[in-house]
1. Counting other Cβ atoms within 10 Å of each Cβ, which GluC sites (Glu not before Pro) in the range 117-204 have at most 15 and sit in a DSSP loop?
2. Kindly list the residues of the range 98-131 that lie in the label zone of CYS154, defined by a backbone N under 19 Å from the point 7 Å along the Cα-to-C-beta vector.
3. Which pairs in the list LYS26/LYS164; LYS76/LYS164; LYS26/LYS221; LYS59/LYS221 are over 26 Å apart, alpha-carbon to alpha-carbon?
4. If I take R0 = 25 Å and measure r between the Cβ atoms of ALA177 and GLN222 in this structure, what FRET efficiency does the formula 1/(1 + (r/R0)^6) give, to the nearest 0.05?
5. When the accessible area of the chain is computed with all protein chains present and a 1.4 Å probe, what percentage of it is carbon and sulfur?
6. Scan around LEU178 for amide H atoms under 5 Å from its own, H built in the peptide plane at 1.01 Å from N, and keep only partners 5 or more places away or cross-chain.
7. Mind checking which aspartates and glutamates have their C-alpha under 19 Å from LYS122, skipping anything on the same chain fewer than 8 residues away?
8. Please give, to one decimal in nm, the separation of the simple spin-label points placed at ALA22 and ASP68, each 7 Å out from Cα toward the Cβ.
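The values are calculated or read from the model by the stated rules, or taken from the named source; none is laboratory data. Fair warning: this is a prediction, and the values are worked out from it, not measured in the lab. In this analysis, Cβ positions are derived from the backbone assuming ideal geometry, glycine residues included, and neighbour counts consider all displayed protein chains. These area figures cover heavy atoms from the full protein model, side chains too; ligands, DNA and RNA do not enter into them. Shrake-Rupley method; radii C 1.70, N 1.55, O 1.52, S 1.80 Å.
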Amino acid sequence: MHAAVSGWTESAGLLTEPRMAALGLKHGFTTRRSGNMKSPERRAAAAASLGMSEPLTLKQVHGTAILDAAPENAGKEGDGWLLSTPGPAAAVYAADCVPLFLWSDDGRAAGVFHAGWRGTAKGMAAAAVAAFRDRLGIPASRLSAAVGPHAGPCCYKVGAELEKEFPASSFVRRDGALYLDLAASTRRQLVEAGLSEENAAVAAPCTISNPEDYFSFRRDKQDARLLALLSLGS
Ligand SMILES: [Zn+2]
């Protein structure tokens, strides 16, 4: 099956992003059809079907720590991976949170990051752009971004206590309720960090309103996970 979803293409239960694919960047985002990525077997199978080795994962803590994709960093606390040399594949879990991919225009550096409302409020997208600049000398003007499926403003109702965490442009108000638009907040951070509007134009389907396609922590009240995978090859 091939179906375009907000810039993503689905094949055999895995989503890939055409701009990343065109640069030869191995990557993907799983769907419900790939199963719960907490399972090591499912994880290995998803990686294998994307032509990758089994990916390194992190103890995700809703922060902004970004680690280099080296074997010794596997399982450490953090919410993002930076890849700049051929080596192991790396991945972050999501199920409503934003899986963010960033890559350089020559496809020689890329990263994958996880941010729910806490990570987004702490500035994960901005921290990711800064990591490319500070660690790899790659300016924001050479970066492009994509986000995978996450809780969208159609469903992601939040309490008024979050209003102080984000600018007003991150919210949608409907019927007296407040909905958080994580993609809008991510786009704003990316543009403020120096990406062009075009390269920061991230959008993706909603995990909550597409139960046949995605797990959702909020909807399902259980912790089945989707996975965003990335590799520069080995
Ligand atoms: Zn929705």
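1. Passing sites in the range 117-204 are GLU197, GLU198.
2. So the set is 98-99.
3. Distance filter (> 26 Å) returns LYS26/LYS164; LYS76/LYS164; LYS26/LYS221.
4. 0.55
5. Looking at the chain in its full context, I get 51 percent from C and S.
6. VAL158
7. The qualifying aspartates and glutamates are GLU77, ASP79, ASP96, ASP134, GLU161, GLU163, GLU165, ASP181, GLU192.
8. Simple spin-label model gives 3.1 nm for this pair.
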